[in-house]
1. If I filter the range 83-94 down to residues being in contact (Cβ under 8 Å) with a residue 40 or more places away in the chain and in a helix (DSSP H, G or I), which single residue comes out as nearest to L247 (Cα to Cα)?
2. Does V278 qualify as being buried (at least 20 other Cβ atoms within 10 Å of the Cβ), in a helix (DSSP H, G or I) and among the aliphatic types (A, V, I, L, M)?
3. In the range 319-338, what residues are buried (at least 24 other Cβ atoms within 10 Å of the Cβ) and under 16 Å from A405 (Cβ atoms)?
4. Go through T108, T100, T152, T114 for me and flag whichever is in contact (Cβ under 8 Å) with a residue 40 or more places away in the chain, polar (S, T, N, Q), in a helix (DSSP H, G or I) and within 23 Å of W191 (Cβ to Cβ).
5. Tell me whether the range 311-334 contains one or more residues that are under 30 Å from L21 (Cβ atoms), touching a helix residue (DSSP H, G or I) at 6+ places or on another chain (Cβ under 8 Å), at pLDDT below 90 and outside any helix (DSSP H, G or I).
6. What is the residue count in the range 251-264 for residues that are in contact (Cβ under 8 Å) with a residue 40 or more places away in the chain and closer than 14 Å to V65 by Cα?
7. Enumerate the pairs (first residue in the range 183-194 and at positive phi; second residue anywhere and hydroxyl-bearing (S, T, Y) and at pLDDT below 95) with beta-carbon separation below 7 Å, excluding pairs fewer than 6 apart on the same chain, so at least 6 apart or on different chains.
8. Find the residue count for the range 231-263, including only residues that are among the small types (G, A, S) and over 17 Å from A221 (Cα atoms).
Amino acid sequence: MTETPTRVRRVRLDWLDLGVLGVLGVGLACWASGALPNGDALASLARVAPLVLFLGTVMVMVAIVQASQLFDAAARGLARFARGSHAALFAACVLLASATTIFLNLDTTIVLLTPVMLALAAATRAPALALAMTTVWLANTASLLLPVSNLTNLLAADRIGLDPLAFAARMWAPQLAVIAVTALCLWLGYWRRRHRDLDRYAIPAEPLPIADRRLFWTAAAVCAAFVLAVVAELPIALASTAAAAVLLAYCLRRRRDLLSWELIPWRLLALTAGLFLVVPTLMAHGGDALVSALAGTGDGDAGVLRAGLAAAALSNLANNLPAYAAVESVIPHGNQDALLGVLIGTNTGPLVLPWASMATLLWFDLVTGRRPGVPEGQRIRVPLARFTATGAVLAVTATTAGLAALIWL
């Protein structure tokens, strides 16, 4: 009896995959060649290790929760709340995205709210791109008020030396200014009548049929526990790891069909590790002088403005986390205003290119359907030219508005 040959699944790599692997390869080559000393490489990777753990586990969690239909149920509730009005839906989405980003953090907004927005668009014929852009823009720009709102804020906590209330007292005016500019740009760029087909969106009338109620309620409990852990200021990587572990254990017992190697977000992990090897290498070989010439020392109001705008520009080139570390290294100790300006730049500025922030990379993985468990009807095409152009307008206006509020108020 002849055996049927086993069919091997062919792995296809697109231009994005090849670019990610290229960044990782360059980073590893820098380490292996000694261009980045072993101690510096290990220190850089150790600094980013909690982020890598968070990215890997939170995307596993999201993929399984997506399959539970929990996001679809939340989307229907939001649709009924706004009663068919696009203006009311816009206001609700802006407030919801801002609140989740401020009090939880920007990554929680991306991983929990983006799937809700995609499901909302599929169920109501509301403009999918407008809903998705609301999430990714506000996940970045609404992350100024509290240290927990953004991993960059936590990275800066030791140097800035402010407790959460003192931090909020310095950043409330920049945060309000930035959210106002973001809402205006969202309405003009994505939500106006010219950007949608219908005057009113359809409100789902039928109750949502839940295919696996046990998985649904398990996912709901895990998401609630994850949110509570973030509110309690537990390490976010620990919270996401515990959430993913519970869901994986459930699937191993009852839903093995949901498990595959595709659950692992290897692109995000490889790019993060690569950037934190490449950027320190560049800084060690003349990059620090270039960053210093670009950002200055942050002295005076003009120096704060210059440092913030430089941080925004570097974030789009190299990702906001290593960009913050690079600019921070050239700001003299004790210059608190300049460091707050750099945070404004690295939080509100990385809106132009897909790799500018990890939150934006997470968002692209979700909306384009690169993650398993994303239904075909909830995948959208993001026009890169429009994303870049509108993101550039918002990055410049929001960063300038936030820096002006920091300097003048």
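The values are calculated or read from the model by the stated rules, or taken from the named source; none is laboratory data. The structure presented is a predicted model; accordingly, all values stated were derived computationally and were not measured. Cβ placement follows ideal geometry from the backbone for every residue including glycine, while neighbour counts extend to all protein chains displayed.
1. Here is the first cut: in the range 83-94, the residues in contact (Cβ under 8 Å) with a residue 40 or more places away in the chain are 83-86, 89-90, 93-94.
Among the residues that remain, those that are also in a helix (DSSP H, G or I) are: 86, 89-90, 93-94.
Details: H86: 35, L89: 31, F90: 32, C93: 28, V94: 30 Å.
Selected residue: C93.
2. Numbers: buried (at least 20 other Cβ atoms within 10 Å of the Cβ): yes; in a helix (DSSP H, G or I): yes; among the aliphatic types (A, V, I, L, M): yes.
When the stated conditions are applied, V278 passes them.
3. Within the range 319-338, just A338 meets the criteria.
4. On the way: T108 fails: within 23 Å of W191 (Cβ to Cβ); T100 fails: in contact (Cβ under 8 Å) with a residue 40 or more places away in the chain; T152 fails: within 23 Å of W191 (Cβ to Cβ).
Result: T114 is the single residue among T108, T100, T152, T114 that is in contact (Cβ under 8 Å) with a residue 40 or more places away in the chain, polar (S, T, N, Q), in a helix (DSSP H, G or I) and within 23 Å of W191 (Cβ to Cβ).
5. yes
6. Start the filter on the range 251-264 by keeping residues that are in contact (Cβ under 8 Å) with a residue 40 or more places away in the chain, which leaves 251, 254-255, 258, 260, 262-264.
Of the ones still in play, those that are also closer than 14 Å to V65 by Cα are 251, 255, 258, 263.
Number satisfying all stated conditions: 4.
7. So the pair list comes out empty.
8. At the first step, the residues of the range 231-263 found to be among the small types (G, A, S) are 232, 237, 239-240, 242-245, 249, 260.
If we keep only those that are over 17 Å from A221 (Cα atoms) too, we end up with 237, 260.
Number of matching residues: 2.
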